[in-house]
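Asker: My questions all concern the structure below.
None of the figures in this text is laboratory data; all of them are computed from the coordinates on show. Just so it is clear, the model here is predicted, and its values are computed rather than measured. FYI the Cβ positions are ideal-geometry reconstructions off the backbone, even for glycines, and counts take in every protein chain you see.
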Protein chains: 2
Amino acid sequence: MARPTIADIAERAGVSKGAVSFALNGRPGVSEETRRRILAVADEMNWRPHRAARSLGNSRAGAVGLILPRPARTLGLEPFFGQIVSGLQAGLAEDGTALQLLVVEDPEAEMAAYRSWTAEQRVDGFVLLDPLIDDPRFAALEALEVPVMVLGGPLEDTSLSFSWADDSEAMHEAVDYLAALGHRHVVHVAGMPQFLHTKRRMDVLTEAKERHELAEVVSIPTDYSDSEGAVITRRVLSRRERPTAIVYDSDVMAVAGLGVALEMGVRVPQDLSILSFDDSLLARLTHPSLTALTRDTQGWATEAARGLLRLIADPSLTVRHQSSTPVLVPRESTAPPAGH
Amino acid sequence: MARPTIADIAERAGVSKGAVSFALNGRPGVSEETRRRILAVADEMNWRPHRAARSLGNSRAGAVGLILPRPARTLGLEPFFGQIVSGLQAGLAEDGTALQLLVVEDPEAEMAAYRSWTAEQRVDGFVLLDPLIDDPRFAALEALEVPVMVLGGPLEDTSLSFSWADDSEAMHEAVDYLAALGHRHVVHVAGMPQFLHTKRRMDVLTEAKERHELAEVVSIPTDYSDSEGAVITRRVLSRRERPTAIVYDSDVMAVAGLGVALEMGVRVPQDLSILSFDDSLLARLTHPSLTALTRDTQGWATEAARGLLRLIADPSLTVRHQSSTPVLVPRESTAPPAGH
DNA sequence: AGCTTTTGATAAAGCGGTTAAGTTCGGGCC
DNA sequence: GGCCCGAACTTAACCGCTTTATCAAAAGCT
């Protein structure tokens, strides 16, 4: 038989459609006995709710959107995305909510997608990655009045919910560690400067210079690509006065940087310490393996997903969640500088 | 104003709901003039079709499912998935179709998801990864009568559509190359033996032994993890008679293997050639960089997505598409064996 | 002119659920 | 006994869009 509908069940169980709906959704209006009978029939007929029909009725799409404004290839390159996606997925699955993915090429397309998915009621909410400084998306999304969970923060001047990890604290830990090892010349190969977390990391570095009386501390922004990571590394290692330590904002760049060091005959960690502000298989597989700030990205995303579900259930909420601070995992790529 | 519906448009344009529907969907039943007027009104009111409502009517969900039976963390580890996902996405986006992702822990959950998503009409079709030998999913999916595009093949004894790349041919190229360099002892660190493509690669190797009169050729199956890759490598490099070349079925394992070689003081490529049957950033970032069989994974997925869309439009079709064969890209990790 | 087609539009019936608003009925209470 | 009430169901409207049946008017044909 084709898909059974609640009408079929109703007929078979000898009750009305309404009663079936009550029974199946566990709400009052039917006796326990009737409920059991209806459930038995539904089960026997192998009934499943029709998503679209349900959505039409109660205006819940049963899905949330993740829109990534990145060149499509980065998705395959940055392990970060895979972890985020599977983490979100795990959190949403608890509720039977689906994750809809869209990769777009530019910010305009991203905004257009938020608008159309909202208008089409395709999703019940969005997850937003990489909040920017003065992010124009915030106001637009607030105007759309759609539940949004931002992965990053903390955010001010917005009613959007967010889940953040304390990058500043983590960066402190990293710099303190390098300073304790005796490093005085540190370069920070940063990510995109418009990203909120990039800025926060850079700020910590500036401040650390005074605190630890470091001789040199520079943050150099990049686009996160391995090639820029390599270029910058080559440049700073070519200067008369080399840094003795480099902090990279992603493991991809750190690995690229390590490659440049080897290529230039700079020994790691004897001549140069390398620290990655992002951990993944990549950081563990290299030789020497990379000291990294590690965190449970997947768990973070799962938490965020749960928050978003709460938000969808009660849009008046504002969820502000702090996940665990990244932790320094020392590996082989860091050591005291030569002559220390 | 809240979401405008076609009823609002109809009222404003002074026509019936039906006429509006005809006009918006570009089908006959309204005059050109009326159509333009209706479209103008719709545009002005910023109307968007309500997905659920549309789906209810014509039973198209406007989404396809990708269900991954993997431990969630692999998603973040294997660049392969990111490329597949973004590739599929690109193909589906051309049609406004969405991609729904689900990561499940085991094959039972996978099958359950196929069933429930089909029953709930949540998706119009599925993309299937990693076809197995005598894959039990095929029959189940055929029984569900839902459009399916398998990434892999070629498949026999099934009506499912597939898009494949010629692994055998690629493996031939790899082995021929190693043989030409003078290698006689080759180890193949394979993937999961139940995977169709793993088997095909292993078969080629067996056959190549005779063709090239190689002294030793073994395929050792693994679970694709970096740790197994490392363990196997350590084992074969510890034997009295070492292989002079190792072919890895994934770049993650190849990188892990490279690490073991370095750790054991085995020089690459002087003492050992390493070839990866999978290319990504990973293979390029290591030192030495890895010779790899490379292919346009993303493009492959995009093609497959298009095929699936055709299939959804006309379920009587069977799409059998062959994408380009992986190509050998020599890098620094391969060379003639010592003393050759 | 008289009749059949074609064209352009309408009204209404779903699609498969949810839900507000009845309807029945048995029981408790005065 | 009459009245009121809550529990257990039923009815029917509705969600937004598609589609079929219907119809009036214009156009085509002999």
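Asker: At 7 Å along Cα-to-Cβ for each site, give me the label-to-label distance between A:E216 and A:D176 in nm.
Answerer: Placing both labels 7 Å along Cα→Cβ, they lie 2.6 nm apart.
Asker: Whole angstrom only: what separates the Cα centroid of the range A:263-301 from the Cα centroid of the range B:175-201?
Answerer: Each part reduced to its Cα centre gives a spacing of 31 Å.
Asker: Sticking with this structure for a sec: Counting other Cβ atoms within 10 Å, keep those with at most 16, restrict to DSSP loop, and tell me which trypsin sites (Lys or Arg not before Pro) in the range A:233-306 are left.
Answerer: Filter output for the range A:233-306: A:R239, A:R240, A:R267.
Asker: Taking a ≥ b ≥ c as the square roots of the eigenvalues of the Cα gyration tensor of the range B:134-274, is the shape rounded (a/c under 1.5), prolate (a/b larger than b/c) or oblate?
Answerer: Verdict is prolate for the range B:134-274.
Asker: Hand me the chymotrypsin sites (Phe, Trp or Tyr not before Pro) from the range B:106-194 located in a DSSP loop with no more than 11 other Cβ atoms within 10 Å, in residue order please.
Answerer: Hits after loop and neighbour filter: nothing returned.
Asker: What is the average number of partner chain Cβ atoms found within 10 Å of a Cβ in A:82-94?
Answerer: Counting other chains' Cβ atoms within 10 Å and averaging over A:82-94 gives 5.
Asker: What number do you get for the protein assembly as shown when its Cα radius of gyration is normalised by 2.2 N^0.38 Å, N = residues?
Answerer: That ratio works out to 1.07.
Asker: A further question follows. Calculate the radius of gyration of the Cα atoms of the range B:1-64 to one decimal place, then report Dmax, the largest Cα-Cα distance, as a whole number, both in Å.
Answerer: That works out to 12.0, 37 Å for Rg and Dmax.
Asker: Put +1 on the Cβ of every Lys and Arg and -1 on every Asp and Glu Cβ in the range A:119-158; which of A:G152, A:F138, A:F126 then has its Cα farthest towards the positive end of the dipole?
Answerer: The residue sitting farthest along the positive end of the dipole is A:F126.
Asker: Restricting to the protein assembly as shown, what percent of DSSP beta bridges are antiparallel, rounded to 5?
Answerer: Antiparallel: roughly 15 percent of the beta bridges in the protein assembly as shown.
Asker: Assign one of three labels to the range B:70-130, namely rounded, prolate or oblate, based on the Cα gyration tensor with a ≥ b ≥ c the square roots of its eigenvalues; rounded applies when a/c is under 1.5, prolate when it is not and a/b is larger than b/c, and oblate otherwise.
Answerer: oblate
Asker: With runs of 4+ DSSP H residues as the only contributors, calculate the mean residue ellipticity of chain B at 222 nm using -39,500 (n - 2.57) per run, divided by the residue total and rounded to the nearest 500.
Answerer: Value at 222 nm, helices only, nearest 500: -14000 deg cm²/dmol.
Asker: At B:T318 and A:E33, where each label point lies 7 Å from the Cα along Cα→Cβ, what is the point-to-point distance in nanometres?
Answerer: According to this spin-label approximation, the distance is 5.4 nm.
Asker: Test of the criteria: in the range A:232-340, which GluC sites (Glu not before Pro) are in a DSSP loop and have at most 11 other Cβ atoms within 10 angstrom of their Cβ?
Answerer: A:E241
Asker: Rounded to the nearest 5, what is the percent of antiparallel bridges among the DSSP beta bridges in chain A?
Answerer: 10 percent
Asker: Have a look at the DSSP beta bridges in the range A:152-290 and tell me what percent are antiparallel, nearest 5.
Answerer: Just about 0 percent of them are antiparallel.
Asker: Right, another one. Report the Stokes-Einstein translational diffusion coefficient (µm² s⁻¹, integer) for chain A, Rh taken as the Kirkwood radius over Cα pairs, at 37 °C with viscosity 0.692 mPa s.
Answerer: 145 µm²/s
Asker: Still on this model: Taking neighbour Cβ counts within 10 Å as the exposure measure, how do A:S333, A:S31 sort from fewest upward?
Answerer: The fewest-first ordering by Cβ neighbours comes to A:S31, A:S333.
Asker: Sticking with this one: What nm distance separates the two modelled labels at B:V327 and B:E44, each placed 7 Å from Cα along Cα→Cβ?
Answerer: It is 5.5 nm.
Asker: Quantify how strongly other chains surround peptide B:284-290 by giving the mean number of their Cβ atoms within 10 Å of each of its Cβ atoms.
Answerer: The per-residue average across the peptide is 5.
Asker: Which log10 I(q)/I(0) values, to two decimals, does the range B:107-150 give at q = 0.17, 0.34 Å⁻¹ under the Debye formula with one point per Cα?
Answerer: The Debye formula, applied to the Cα set alone, gives -0.41, -1.53.
Asker: Could you tell me the relative contact order of chain B? Use alpha-carbon pairs under 8 Å, at least six residues apart, and round to a whole percent.
Answerer: Taking the mean separation of contacting Cα pairs over the length of chain B, I get 17 percent.
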